[in-house]
Amino acid sequence: QWGITDANFASDADIDVATALILAARRWDRPDYLTLAQQKLADLWTYSTVVPADASLTRDPAASDPAVTTSAAPPRYLLPGPLAAFSDGADTVYLNPSYFAPYAFRLFAQVDRDRDWLSLVDSSYAVLTDSADLSTPALPSNWVALNLVDNRYQPLPTDALIQSIYGFDAYRVWWRVALDAAWFDAPEARTYLAAHLPALIDRWQQDRAIPAEIDLAGNPLADFESTAQYAMLYPGFAEI
């Protein structure tokens, strides 16, 4: 008896699918691929982005205003999935920095003029930069909590199912930011990489190995390496 066991969606998967559809539409002159991408972008914006609203997140995410934001508007953040699954029901949201794809948001802005995708570029780099302050070696975390009232970042509780450590999720930050540098020559991308890769560069030069997981204090949490980490680090190192 097959059925849905988890009704949540992963916004990074939808971002990757929409990106692939846009590129495929251009490569093979398939406007139907572009139409499908635009449909997905409308849903992604509506159900997986959030702005502070009267210091409360108890509204229906389907009712969020898709209008283009202005410079005076509060920041809009990409959620990892539906609001109900990634908030405390009040003022705090749970973010996965490795989901932020500024290169994709720049691409989306080219094909979807009804929504301000470039605002997600700004908020992505803000979260990546500011949340790294939780980590002594300035590394991204798998997950962070953001209070939308005071704009303060906090680590997740140590007994939570999702953790604020540098690990298998966080690796993807290097690849996604490096793509923004490679595709769009984005100065924000190279600035971020130059500021947050040195701890791993130093560890590699000293030990010729980087642990698969590292805690917020910079201590190894694993006595093994990860080929996935090296695959994500390679494009990051190449752009600095």
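The values are calculated or read from the model by the stated rules, or taken from the named source; none is laboratory data. Since we're looking at a predicted model, the values are computed, not measured. All Cβ positions, even for glycine, are placed from backbone atoms using ideal geometry, and neighbour counts span all protein chains on display. Side chains included, ligands, DNA and RNA excluded: accessible areas come from the protein's heavy atoms. Shrake-Rupley method; radii C 1.70, N 1.55, O 1.52, S 1.80 Å.
Just a few scattered comments:
- From the list Gln163, Gln205, Gln229, the lone residue that is open to solvent by 80 Å² or more (accessible area, probe 1.4 Å), over 16 Å from Pro102 (Cβ atoms) and either without any contact (Cβ under 8 Å) to a residue 12 or more places away in the chain or not aromatic (Phe, Trp, Tyr) (or both) is Gln205.
- Residue check, Tyr99 touching a Pro at 6+ places or on another chain (Cβ under 8 Å), of a type outside the set (Asp, Glu) and under 30 Å from Pro31 (Cβ atoms): yes
- Members of the range 173-183 that are more than 10 Å from Glu239 (Cβ to Cβ) and either in contact with a Phe, Trp or Tyr (Cβ under 6 Å, 6 or more places away or on another chain) or open to solvent by 70 Å² or more (accessible area, probe 1.4 Å) (or both): Trp175, Trp183
- Boolean, Ala194 is open to solvent by 30 Å² or more (accessible area, probe 1.4 Å) and farther than 22 Å from Leu118 by Cα: yes
- Residue in the range 120-140 that is out of contact with any Ser or Thr (no Cβ under 6 Å at 6 or more places or on another chain), modelled with pLDDT of 95 or more, aliphatic (A, V, I, L, M) and under 19 Å from Leu41 (Cα atoms) present: yes
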